[in-house]
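Quick notes on the structure that follows.
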Amino acid sequence: MQNLIYLILIVLSAGAGWTAGNWSGKDAKQALAVAKQGGEKIEIQREALQLSLDDKLKGLKQQHDAELAQRDAKFVAATAEFNRKVSDRDGKIATLDRSAKSQLQRAGELTARLATAKPEDQAGLKAEIADLQARARTDQAQRAGNVCVKELVPVDLLAELRVEAL
């Protein structure tokens, strides 16, 4: 009979332990369920935010690509314009050559007239000769700039390319 009492006590204590364990595990299970729901909500918010950021990134990439294409188009146009200006160089060289020669020839003619000119006309002739010689030097410098890359770039070419001269 004593064994029967032990057996009943064991069964009762097992039932009490199971009930107590089940009761304390219930709070943990409820906390786990709440945490799972919170995690699912956070995951949904993260996915929505990720989609929003992906859309924004696509828009920024398209804008960047458009700006790059526009910049490349401007560069191609500027390069073509520069090449056109440089290809006109031979014509400019010939024109500057003729201009400098005609100005120097005219200055020579005025110098010859200077010896026979009246004293009141000599000052005007000297000024005109100096002006012609200065313009001839300018034309020669621009010609040299067009002939050789090592020379200064002609101011008119810089102006046409909208570059400030130093």
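Of everything in the range 130-159, what is in a loop (DSSP other than H, G, I, E, B) and either modelled with pLDDT of 90 or more or surrounded by 15 or more Cβ atoms within 10 Å (Cβ to Cβ) (or both)? Give them in sequence order. Give the steps one after another, and end with the answer.
Going residue by residue through the range 130-159, those that are in a loop (DSSP other than H, G, I, E, B) are 148-154.
Selection gives Val153, Pro154.
Taking Gln62 as the residue in question, decide whether it is outside the structural domain of Asp156 (by TED's automatic domain parsing) and either under 20 Å from the mean Cα position of the chain (by Cα) or among the β-branched types (Val, Ile, Thr) (or both).
Numbers: outside the structural domain of Asp156 (by TED's automatic domain parsing): yes; either under 20 Å from the mean Cα position of the chain (by Cα) or among the β-branched types (Val, Ile, Thr) (or both): yes.
In short, yes.
With respect to Ala69, determine if the residue is exposed (fewer than 10 other Cβ atoms within 10 Å of the Cβ) and either among the aromatic types (Phe, Trp, Tyr) or more than 30 Å from Ala136 (Cβ to Cβ) (or both).
Working: exposed (fewer than 10 other Cβ atoms within 10 Å of the Cβ): no; either among the aromatic types (Phe, Trp, Tyr) or more than 30 Å from Ala136 (Cβ to Cβ) (or both): yes.
No: the conditions fail for Ala69.
The values are calculated or read from the model by the stated rules, or taken from the named source; none is laboratory data. In this text the structure is predicted, and so the values were computed from the model without any measurement. Every residue, glycine among them, receives a Cβ derived from its backbone with ideal geometry; neighbour counts consider all protein chains shown.
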